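Heads up, the thing below is written out as structure tokens.
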Amino acid sequence: MAVTVERIKLGSQGLEVSKQGLGCMGMSFGYGVPKPEPEMISLIHHAINSGVTFLDTSDIYGPHTNEVLLGKALKGVVREKVQIATKFGATYKDGKFELEVRGDPAYVRASCEASLKRLDIDCIDLYYVHRIDTRVPIEVTMGELKKLVEEGKIKYVGLSEASASTIRRANAVHPITAVQNEWSLWTRDVEEEIVPTCRELGIGIVPYSPLGRGFLSSGPKPLENLSENDFRKKFPRFQGENFETNKLVYERICEMGTKKGCTPSQLALAWVQYQGADVSPIPGTTKIDNFNENLGSLSVTLTPREMAELNSLADMVKGNRSPLMENTFYNSETPPLLLERGIEIGGQWH
Ligand code: ATR
């Protein structure tokens, strides 16, 4: 049965996206070898034709190759039909699994111009600060983003892994349209402060890794033989004792799914969808069958009792959500902006 994909307003500035987006990272990066380009282009076209028009990438995926792939896929697509979200501000240090984070104005501008070229578009719909540079006042990073909006190079601004206070400070410089954070059955730390802050300020929410990087979809089995260039090997929840405990979480999801007549992925995604009309998760996939299955989550209904049962699963989860916790919202406070008679002082950031 064909599913009609609802459209929602993300944020308060006029951006409209599909109620479910498509995470493109795994097509080029992160989860094993890059997937064949023609197949990935067909998948992106299939998503757009199905009504999933909110496409998510970043300059760090590859690096760069995921944006190039998306750029190729966009050839011949009516530009207004899709909403392209990309990000800047985080790169891996010399091939190591460690992030270099930058938010100084020159870097913001150069990154935006490079992404526009790779995507081969005139304007980015939603441009996120991927990680927060704790050496640069957020007002300074936002100041440059505001200029890029005024110049028509980006339409809307987003933040990823920013604390509530950083979101507030950023929003005071230029309205933030969306905050992208990990949010799923097994990652719920965003609910304490970030989600209420977004709702108070009218900011849309984009949950990344809503399928727990595949763990909540296909479970532990295929993950036991991860290849060397699959970065899930480094994630605490996929290791040792944590992995064994987390298998039980997956089993519970499977049991519930069997009772309801839906798959674990559909259940996990429906739970995220149920968080509100201001939420558009971006599950990642490289397979048309999995994409179609995930789209089916939009027809899954959950009773309050089922929601309560799903809510209780997070208490069983073991391990940090990321091996790079120092680059998450827990560590995203930036120095105060120093002004003298309204003029910024001390502006040499790097
Ligand atoms: P990320 O945001 O990092 O992409 P995610 O959306 O939580 O993470 O999960 C993505 C992973 O879930 C991918 O490994 C994807 O594998 P495929 O590319 O093989 O699809 C997996 N995944 C997505 N949908 C799935 C489904 N319906 N069944 C099984 N695995 C699925």
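Throughout, read-outs are computed from the coordinates displayed, never taken from laboratory work. For clarity, every value in this text was computed on a predicted model and none was experimentally measured. Note: ideal-geometry Cβ built from the backbone for every residue, glycine included; neighbour counts use all protein chains shown.
Values for this structure:
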read-out: Among ASP230, ASP94, ASP278: highest mean-square fluctuation, GNM of the chain, C-alpha pairs under 10 Å; value: ASP94
read-out: Distance (nanometres) between label positions extended 7 Å along Cα→Cβ at ASN311 and GLU98; value: 4.2
read-out: Neighbourhood net charge (14 Å Cβ-Cβ; Lys/Arg +1, Asp/Glu -1) for PRO36; value: +1
read-out: The range 270-350, relative contact order in percent, only Cα pairs under 8 angstrom and at least six apart counted; value: 21
read-out: Backbone N under 11 Å from the CYS123 label point (7 Å along Cα→Cβ), restricted to the range 131-159; value: 149-156
read-out: Beta bridge orientation in the chain: antiparallel %, DSSP, nearest 5; value: 30
read-out: Average Cα contact separation per residue, the range 122-276, under 8 Å, 6 or more apart, as relative contact order %; value: 18
read-out: More than 15 Å apart - percent of Cα-Cα pairs taken over the range 252-292; value: 49
read-out: Normalised contact order of the chain, rounded percent, pairs of Cα under 8 Å and 6 or more residues apart; value: 21
read-out: Rounded D (µm²/s) - the range 38-131, Kirkwood Rh over Cα pairs, Stokes-Einstein at 10 °C, 1.306 mPa s; value: 115
read-out: Calculated SAXS-style log₁₀ I(q)/I(0) at q = 0.09, 0.11, 0.14, 0.16 Å⁻¹ - the chain, Debye, Cα scatterers; value: -0.46, -0.70, -1.18, -1.56
read-out: Diffusion constant of the range 191-350 at 4 °C, which comes from Stokes-Einstein with the Kirkwood Cα-pair radius and 1.567 mPa s, µm²/s; value: 71
read-out: Sum of -39500 (n - 2.57) over DSSP H runs of 4+, divided by residues of the chain (222 nm, nearest 500); value: -10500 deg cm²/dmol
read-out: Gaussian network model of the chain, Cα within-10 Å springs - most flexible of LEU148, LEU302, LEU55; value: LEU302
read-out: Sparsely packed GluC sites (Glu not before Pro) within the range 65-151, loop by DSSP, other Cβ within 10 Å at most 14; value: GLU98, GLU151
